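Everything below concerns the one structure shown next.
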Amino acid sequence: MEGLVNSRIIPIRTSCRRHYSVFLPTFSLQLRNKNLNKGQVWMMRRHKSLDSVAASIQPLEASTTGNTDNRQPSKEVLELWRSADAVCFDVDSTVCVDEGIDELAEFCGAGKAVAEWTARAMGGSVPFEQALSARLSLFKPSLAQVQDFLDKRPPRISPGIEELVKKLMARNTDVYLISGGFRQMINPVASILGIPQENIFANQLLFGSSGEFLGFDANEPTSRSGGKATAVQQIRKVKGYKALVMIGDGATDLEARKPGGANLFICYAGVQHRESVAAKANWLVFSFTDLITALE
């Protein structure tokens, strides 16, 4: 605890070159800077009004007839997609073609062991916070390693995501990135897509004064199971959105579809097709082109 109190989060230089895949198939909406024992820590201010979240529109239930039916969206699903005033995207294996923590672990020499934990977490077989802690403990990345990784391996974004985000923004639809990954690695992705930093909800790696790994900020909702759902609920409460859509590939994304949260869950399986998640989605897509075309 003493090491954490005296720790600081050091701004990380990021690279934002576009890389495309060659294949297809705590907190509030503001951040503020505080001083803490001579070190700087990014802290998020919790708004008291966010303690209770009420549903304004009930979420659509997924088809119970199996995951093959939801490849073709119903009229109601299409109407919600076209009328949404906010869309929240998962990042790893959705906006980007890889899992950020797996890539960082591989870069640091612990790729296989960490990837196994990621698969369990995304499938929903273990609590997310347990998987996150276990994965980081396997390689404990230093600040220097994270910076080196960002310099040498810029984000690889999914085909079609730039066009989709631009089209949504042109329709005055607000776009968010909600991730169980780390802000240090997601900031450059947001820069590529033109998404404001305040629209990012993700975890934060913590480093000591010498750049040594200390852990992650456990106060972030996205650091634990159900965290994405909490983030979506709070965003909706603060902004007053009438219809909100969550797009992702994992069990933690599916959890966001609940009263007061996402009305619609679209499973993007262009990178990872997790059948247990896809079967419960309102709409299953393997390409962002399907979502772009549906807006036209």
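Can you work out which of the residues in region 251-266 that are at pLDDT below 95 and over 15 Å from the mean Cα position of the chain (by Cα) is nearest to TYR241 (Cα to Cα)?
GLY260
For region 105-126, give me each residue that is over 18 Å from GLY248 (Cα atoms) and open to solvent by 50 Å² or more (accessible area, probe 1.4 Å).
GLU106, PHE107, GLY109, LYS112, GLU116, TRP117
Go through region 162-180 and count every residue that is part of a strand (DSSP E or B) and open to solvent by 10 Å² or more (accessible area, probe 1.4 Å).
So the answer is 2.
Would you be able to say whether some residue in region 81-100 is surrounded by fewer than 17 Cβ atoms within 10 Å (Cβ to Cβ) and assigned to a helix (DSSP H, G or I)?
yes
Which residues, taken from region 132-161, are farther than 21 Å from ASN219 by Cα, hydrophobic (A, V, I, L, M, F, W, C) and part of a helix (DSSP H, G or I)?
Answer for region 132-161, where residues must be farther than 21 Å from ASN219 by Cα, hydrophobic (A, V, I, L, M, F, W, C) and part of a helix (DSSP H, G or I): ALA144, VAL146, PHE149, LEU150, ILE161.
What tally of residues in region 249-296 results from selecting those that are among the hydrophobic types (A, V, I, L, M, F, W, C), in contact with a strand residue (DSSP E or B) (Cβ under 7 Å, 6 or more places away or on another chain), more than 15 Å from VAL87 (Cα to Cα) and not in a loop (DSSP other than H, G, I, E, B)?
4
Is it fair to say GLU129 is surrounded by fewer than 22 Cβ atoms within 10 Å (Cβ to Cβ), over 16 Å from the mean Cα position of the chain (by Cα), acidic (Asp, Glu) and assigned to a helix (DSSP H, G or I)?
So GLU129 does not fit the description; no.
Select from region 155-214 the residues that are of a type in the set (S, T, N, Q) and in contact with an Asp or Glu (Cβ under 8 Å, 6 or more places away or on another chain) and list them in ascending order. Let's see the steps before the verdict.
Initial filter on region 155-214 (of a type in the set (S, T, N, Q)): 158, 172-173, 179, 184, 187, 191, 197, 199, 203-204, 209-210.
ASN172, THR173, SER179, ASN199, ASN203, GLN204 - these are the residues of region 155-214 that are of a type in the set (S, T, N, Q) and in contact with an Asp or Glu (Cβ under 8 Å, 6 or more places away or on another chain).
Please state which one of SER209, SER191 is among the polar types (S, T, N, Q), open to solvent by 50 Å² or more (accessible area, probe 1.4 Å) and in a helix (DSSP H, G or I).
SER191
Going by the conditions given, is PHE265 of a type in the set (Phe, Trp, Tyr) and under 25 Å from PRO127 (Cβ atoms)?
yes
The values are calculated or read from the model by the stated rules, or taken from the named source; none is laboratory data. Values in this document were obtained by computation on a predicted structure and should not be read as measured data. With ideal geometry, Cβ positions are generated from the backbone for all residues, glycine too; neighbour counts draw on all protein chains shown. Remember, those area values only see protein heavy atoms, side chains included, never the ligands or the DNA or RNA. Shrake-Rupley method; radii C 1.70, N 1.55, O 1.52, S 1.80 Å.
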